[in-house]
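Everything on this sheet refers to the single structure shown next.
The values are calculated or read from the model by the stated rules, or taken from the named source; none is laboratory data. From a predicted model like this one, the values you see are computed outputs, not experimental measurements. Cβ placement follows ideal geometry from the backbone for every residue including glycine, while neighbour counts extend to all protein chains displayed.
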């Protein structure tokens, strides 16, 4: 149960069987980011696949349901959440809740998925296999990004496997964000979908972050990962692996643009949830 009726009430999917990107939500960059903007005024309940399929957890007056990224390439969301859980999430959002999907969670929220694995195998998911909060389609990953572990030849969502990528915000600002095999969105023919950021160096500048309405609710889908940040100058830190140093340097240089972007994103969320935001 939630403890503070005045707080932003968050349900975050945290089932370890689904290979989510963190060992515990409170140690995740996602929740850390929410605390940077809302301080102590958030109330977090981790949920698992059974909770979502049962649906009772959505009756606790949550504001937000978060579906995170995963470690590796295999998404278990279609199998673990499935049609039964999808109905409860769809109902929650349609009645006014907010859905936030990162990486694998963003792929899952679209109507169709095309994904090319590290073995160069094309995987597809259709509307019936996805959550389908939006008619937008998702494709990925971006070619040449996030090379797999040389020993296992598998991808991960760990810090040392993320790459920096340049995105162009809706106001024309360019900034670096972390990238970890996330989707490109096809929003053509859907003018009701707002593009908040685009992949700046990809041909055609395709959408990287989108949001829109589903019934009375709101969805926000992140192909790039603004929750990963660098608040201290990497030059002041002990020697780091080159890949990590490159990522931290790019994120540190974009820290002010990122803060403004996230401030606007959190402000929109608070407004939708009817909560004050300083």
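Points worth noting:
- Taken over segment 51-70, the criterion of being surrounded by fewer than 18 Cβ atoms within 10 Å (Cβ to Cβ) and under 15 Å from residue 5 (Cβ atoms) is satisfied by 59, 60, 61.
- Of all the listed residues (48, 17), the sole one being surrounded by fewer than 21 Cβ atoms within 10 Å (Cβ to Cβ) and in contact with a strand residue (DSSP E or B) (Cβ under 9 Å, 6 or more places away or on another chain) is 48.
- Search result, residues across segment 8-62 that are assigned to a loop (DSSP other than H, G, I, E, B), modelled with pLDDT under 95 and in contact with a helix residue (DSSP H, G or I) (Cβ under 8 Å, 6 or more places away or on another chain): 22, 23
- Count - residues of segment 193-211 that are touching a strand residue (DSSP E or B) at 6+ places or on another chain (Cβ under 6 Å) and either surrounded by fewer than 20 Cβ atoms within 10 Å (Cβ to Cβ) or more than 20 Å from residue 250 (Cβ to Cβ) (or both): 10
- Enumeration of residues in segment 78-111 that are in a helix (DSSP H, G or I), closer than 20 Å to residue 212 by Cβ and in contact with a strand residue (DSSP E or B) (Cβ under 7 Å, 6 or more places away or on another chain): 89, 92, 93, 94, 104, 105, 106, 107, 108, 109
- Failed item in (1) in a loop (DSSP other than H, G, I, E, B); (2) touching a strand residue (DSSP E or B) at 6+ places or on another chain (Cβ under 7 Å); (3) over 30 Å from residue 5 (Cα atoms), with residue 238 passing the rest: (2)
- Residue within segment 142-152 that is crowded, with 19+ Cβ neighbours inside 10 Å and modelled with pLDDT under 95 present: yes
- Residue under evaluation residue 261, criteria (1) touching a helix residue (DSSP H, G or I) at 6+ places or on another chain (Cβ under 7 Å); (2) surrounded by 22 or more Cβ atoms within 10 Å (Cβ to Cβ); (3) modelled with pLDDT of 95 or more, criterion not met: (1)
- Summed over segment 89-115, residues that are surrounded by fewer than 22 Cβ atoms within 10 Å (Cβ to Cβ) and within 21 Å of residue 30 (Cβ to Cβ) total 0.
- Set side by side, the residues 256, 216, 174 differ, and just one is farther than 27 Å from residue 10 by Cα and surrounded by fewer than 19 Cβ atoms within 10 Å (Cβ to Cβ), which is 174.
- Taken over segment 212-230, residues that are in contact with a strand residue (DSSP E or B) (Cβ under 7 Å, 6 or more places away or on another chain) and closer than 22 Å to residue 112 by Cα amount to 10.
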